[in-house]
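> Here's a structure for you.
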Amino acid sequence: MQCSELPIAGAFVIDHPPHRDERGTFARAFCQRDLADVGIDVTVRQVNLSLSRTAGTVRGLHVQVPPHHEQKLIRCTRGALIDVIVDLRPESPSYLRVVQVQLIGGDGRSVLVPARCAHGFQSLADDTEALYVVSQFHSPAAERGLRWDDPALGIRWPRPVSSISAKDAAWPLLAEQEPRLRTEMTMRAGALRS
């Protein structure tokens with residue numbers, strides 16, 4: 001396993017090179033001990049699987065506010081996608097920074113999204129499947145989101161958007177919600193370390 005830190009503090013690309021032989025490949029998708037050995041603590045409470053039927057589908061940008069904040073470990077299991085992280089931690093030196101990482105099914109690569117960072121992705125191929133390992137149970141009351149096309153974020157999606165949920169298309173612009181998000185993301189700041 002190889003971990004490479006991204007320009008957002010606490011965000012990593014994690015590579016698990018597959019073992020190849022005449023039967024095919026084998027790779028470890030998640031190992032809490034391996035991550036702990038490099039200083040990454042991830043508790044798993046939920047595992048989600050999404051399938052995006054058409055290339056260009058955008059899912060997100062989603063985040064849960066404290067105390068339901070969650071880390072996510074994202075892996076593309078089929079197809080290809082561009083994963084997007086937006087840092088929403090006001091105390092972070094990378095506050096509001098946007099990072100994009102390409103994930104391809106079978107490449108052994110995953111992305112660790114820190115708690116209190118928004119996350120979304122765009123499928124680059126039809127029938128793209130993504131597996132999410134999540135550190136917290138989903139809480140609808142704690143869910144917030146950022147608009148995929150918010151000019152303040154300047155996200156450059158590689159494909160025209162072919163599909164997006166009504167909920168994701170309707171998130172308010174950052175300018176409309178930043179004061180509230182800033183307050184919600186700093187709640188119990190002394191107790192938050194993830």
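The values are calculated or read from the model by the stated rules, or taken from the named source; none is laboratory data. Worth saying up front: this structure is predicted, and the values here are computed from it rather than measured. Neighbour counts run over all protein chains shown; Cβ positions are idealised from the backbone, glycine included. Quick note on the areas: whole protein, heavy atoms, side chains included, nothing else; ligands and nucleic acids left out. Shrake-Rupley method; radii C 1.70, N 1.55, O 1.52, S 1.80 Å.
> Can you tell me which residues in region 97-114 are part of a strand (DSSP E or B), in contact (Cβ under 8 Å) with a residue 60 or more places away in the chain and of a type outside the set (S, T, N, Q)? Explain how you work it out, then say what you get.
So the first thing to find is which residues in region 97-114 are part of a strand (DSSP E or B), and the list is 98-104, 109-113.
So of that shortlist, the ones also in contact (Cβ under 8 Å) with a residue 60 or more places away in the chain come out as 99, 101, 109-113.
Listed by number, the residues that qualify are Val99, Val101, Arg109, Val111, Leu112, Val113.
> Report, ordered by the first and then the second residue, all pairs with beta carbons closer than 8 Å, sequence separation of six or more or different chains, a first member in region 62-81 that is touching a residue at least 60 places away in the same chain (Cβ under 8 Å), and a second member that is assigned to a strand (DSSP E or B) and of a type in the set (Asp, Glu).
His62/Glu143; Val63/Glu143; Gln64/Glu143
> Let me ask another. Scan the strands (runs of 3 or more DSSP E) fully inside region 1-60 and keep the ones with 2 or more residues being open to solvent by 50 Å² or more (accessible area, probe 1.4 Å).
Passing ranges, in order: 2-5, 19-21, 24-26, 46-52.
> Counting only residues that are part of a strand (DSSP E or B), open to solvent by less than 30 Å² (accessible area, probe 1.4 Å) and touching an Asp or Glu at 6+ places or on another chain (Cβ under 6 Å), how many does region 62-96 have? Please lay out each step first, then the result.
Start the filter on region 62-96 by keeping residues that are part of a strand (DSSP E or B), which leaves 62-64, 72-78, 80-87.
Now narrow it down to the ones that are open to solvent by less than 30 Å² (accessible area, probe 1.4 Å): 63-64, 72-74, 76, 80-87.
Checking which are touching an Asp or Glu at 6+ places or on another chain (Cβ under 6 Å) leaves us with 64, 74.
Within region 62-96, residues that are part of a strand (DSSP E or B), open to solvent by less than 30 Å² (accessible area, probe 1.4 Å) and touching an Asp or Glu at 6+ places or on another chain (Cβ under 6 Å) number 2.
> Okay, next question. Considering only region 115-169, state which residues are outside any loop (DSSP other than H, G, I, E, B), out of contact with any Pro (no Cβ under 8 Å at 6 or more places or on another chain) and among the polar types (S, T, N, Q).
Within region 115-169, Ser123, Thr128, Ser163 meet the criteria.
> Output yes when any residue across region 99-111 is among the hydroxyl-bearing types (Ser, Thr, Tyr) and open to solvent by 30 Å² or more (accessible area, probe 1.4 Å), and no when none is.
No; the residues of region 99-111 include none that is among the hydroxyl-bearing types (Ser, Thr, Tyr) and open to solvent by 30 Å² or more (accessible area, probe 1.4 Å).
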